[in-house]
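A.B. asks: My questions will all concern the structure given below.
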Amino acid sequence: MIVRQLSDVVGGVHDVKGDGWNSRRLLTAPDGMGYTMTDTVVTAGAVLELQYHRHLEACYCLSGEGTVEDLATGTVHPIGPGTLYAMNLNDRHRVRATTEIRLICCFTPALSGTESHGADGGY
């Protein structure tokens with residue numbers, strides 16, 4: 001059994017920050033679960049262009065407001081508490097945070113835990 005508090009991760013190697021975001025990796029590949037779970041904060045006003053080439057991602061919004069745009073179609077969806085969005089086709093997307101957004105995100109396959117976004121927005 002794995003029991004972990006957010007406070008166990010904050011400030012450690014699995015507390016990964018970038019321009020406009022902070023991803024606290026609660027479960028990572030070494031945990032052997034096959035997926036990663038994060039507690040992620042997107043800073044108010046941030047605009048993130050992302051695409052994960054080797055991972056699928058699902059995000060569930062706990063708090064905050066913004067939008068997620070499918071860059072292939074231009075379709076924009078609102079994000080707010082209770083919203084789930086998933087990159088089931090390695091979708092290139094843009095997240096815009098109107099306010100600070102807090103998300104629980106799952107990645108498969110699992111992240112090692114220290115990855116950061118590259119120049120193309122992916123891991």
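A.B. asks: Residue pairs, Cβ under 8 Å, 6 or more apart or interchain, first in the range 5-30 and without any contact (Cβ under 8 Å) to a residue 24 or more places away in the chain, second part of a strand (DSSP E or B) and among the aromatic types (Phe, Trp, Tyr). List them.
C.D. replies: none
A.B. asks: Give me a count of the residues in the range 8-54 that are open to solvent by 20 Å² or more (accessible area, probe 1.4 Å) and more than 21 Å from Arg96 (Cβ to Cβ).
C.D. replies: 20
A.B. asks: I'm trying to understand the selection: among the residues of the range 69-94, which are free of Cβ contacts under 8 Å to residues at least 40 places away in the same chain, part of a strand (DSSP E or B) and under 20 Å from Leu111 (Cβ atoms)?
C.D. replies: Leu84, Tyr85, Ala86, Met87
A.B. asks: Just need a number here: residues in the range 37-68 that are assigned to a strand (DSSP E or B), touching a residue at least 60 places away in the same chain (Cβ under 8 Å) and closer than 18 Å to Asp91 by Cα.
C.D. replies: Of the residues in that region, 3 qualify.
The values are calculated or read from the model by the stated rules, or taken from the named source; none is laboratory data. All values derive from a computational prediction rather than experimental measurement. Note: ideal-geometry Cβ built from the backbone for every residue, glycine included; neighbour counts use all protein chains shown. Heavy atoms of the whole protein, side chains included, go into the accessibility calculation; ligands, DNA and RNA do not. Shrake-Rupley method; radii C 1.70, N 1.55, O 1.52, S 1.80 Å.
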